[in-house]
1. Need pairs with beta-carbon distance below 7 Å; first residue within 19 Å of Ser126 (Cβ to Cβ) and within segment 80-95, second hydroxyl-bearing (Ser, Thr, Tyr) and part of a loop (DSSP other than H, G, I, E, B); sequence gap 6+ or separate chains.
2. If Glu112 satisfies all but one of (1) touching a strand residue (DSSP E or B) at 6+ places or on another chain (Cβ under 6 Å); (2) closer than 18 Å to Pro27 by Cα, what's the number of the condition it fails?
3. Can you name the number of the only condition in (1) crowded, with 24+ Cβ neighbours inside 10 Å; (2) more than 10 Å from the chain's Cα centre (by Cα) that Val144 fails?
4. Looking only at residues that are surrounded by 19 or more Cβ atoms within 10 Å (Cβ to Cβ) and out of contact with any Leu (no Cβ under 8 Å at 6 or more places or on another chain) in segment 124-135, which one is nearest to Arg60 (Cα to Cα)?
5. Which pairs turn up if I take residues in segment 19-34 that are closer than 23 Å to Phe169 by Cα and look for partners that are at pLDDT 80 or above and of a type in the set (Asp, Glu) with beta carbon separation below 6 Å, at least 6 apart in sequence or on another chain?
6. For segment 136-178, how many residues meet the condition of being assigned to a loop (DSSP other than H, G, I, E, B) and either within 24 Å of Asp59 (Cα to Cα) or of a type outside the set (A, V, I, L, M) (or both)?
7. Which residue pairs have Cβ atoms under 8 Å apart, sit 6 or more places apart or on different chains, and have a first residue in segment 46-62 that is within 17 Å of Ala168 (Cβ to Cβ) and a second that is assigned to a loop (DSSP other than H, G, I, E, B) and of a type in the set (D, E, K, R)?
8. Taking only segment 33-64 into account, find how many residues are part of a strand (DSSP E or B) and within 15 Å of Pro83 (Cα to Cα).
Amino acid sequence: MRWLALGALLAPLALGASASAGEPPAPIFVVRHAEKLDPADPDSRLSRAGEARARALADRLHGRGIRSIVVSEKRRTRETAAPLAQRLGLEPTQIASATHVQDPHTFAAEVEKLRARGAVLVVTHSNAIPGLICVLAGQAVAAVGEDEYDRIYEIDGAALSEATYGAAFSGVRAPPENACEKPASERSESRSS
């Protein structure tokens, strides 16, 4: 089952819920954490390239009205958000990485609550981005490759835009999906005995 229709129905409701008295809703920025030092370590620190990317993210979003930052419990998300959080004097909201990946509807609802305060930065994991954007914007995006760290998505009103920041990715990007996919955790799977 495709989630495009459901996402398209939910997105205007979510957008309207955060806007007050005719004001457009604040933007939501979504990024993958920056480069890891040790890909084999499940809670790796950022590499030097990752630290540089985290500073580039802070430079790009400083002055954009960020009032909330969402991270997971993983060090790499917290370290990616740290330069901007420090500049703005914000304490990031931590949401379990399992929720980021396995429950995009709950994850999106938590982000929407924070959006009522102003713009939100979400620093998440590559496998959580398509589901979150599908729920928040009602649009499908390409899967984020294991070696891609430079994409930044902005959900502003009903518009979704994608750009890059920091050091450019030199590989081949996956094409965008045609429709929002139902998350793997919600698909019924046939099991053989």
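The values are calculated or read from the model by the stated rules, or taken from the named source; none is laboratory data. Computed from a predicted structure; not experimentally measured. Because the Cβ atoms are built from the backbone with ideal geometry, glycine has one as well, and the counts that use them run over all protein chains shown.
1. Taking only residues 6 or more apart or on different chains, the pairs are Gln94/Ser72; Ile95/Ser72.
2. Among (1) touching a strand residue (DSSP E or B) at 6+ places or on another chain (Cβ under 6 Å); (2) closer than 18 Å to Pro27 by Cα, Glu112 violates only (1).
3. Failed condition: (1).
4. So the first thing to find is which residues in segment 124-135 are surrounded by 19 or more Cβ atoms within 10 Å (Cβ to Cβ), and the list is 124, 128-135.
In the following step, the residues that additionally are out of contact with any Leu (no Cβ under 8 Å at 6 or more places or on another chain) were identified as 128-132.
Working: Ala128: 22, Ile129: 19, Pro130: 22, Gly131: 24, Leu132: 22 Å.
By that ranking, first place goes to Ile129.
5. Pairs found: Phe29/Glu154.
6. Within segment 136-178, the subset assigned to a loop (DSSP other than H, G, I, E, B) is 138-150, 157-158, 165-178.
Subset that is either within 24 Å of Asp59 (Cα to Cα) or of a type outside the set (A, V, I, L, M) (or both): 138-139, 144-150, 157, 165-171, 173, 175-178.
The number of residues fulfilling the criteria is 22.
7. Ser47/Glu35; Ala49/Glu35; Gly50/Glu35; Arg53/Glu35; Arg53/Asp150
8. Residues flagged as part of a strand (DSSP E or B) and within 15 Å of Pro83 (Cα to Cα) within segment 33-64 amount to 1.
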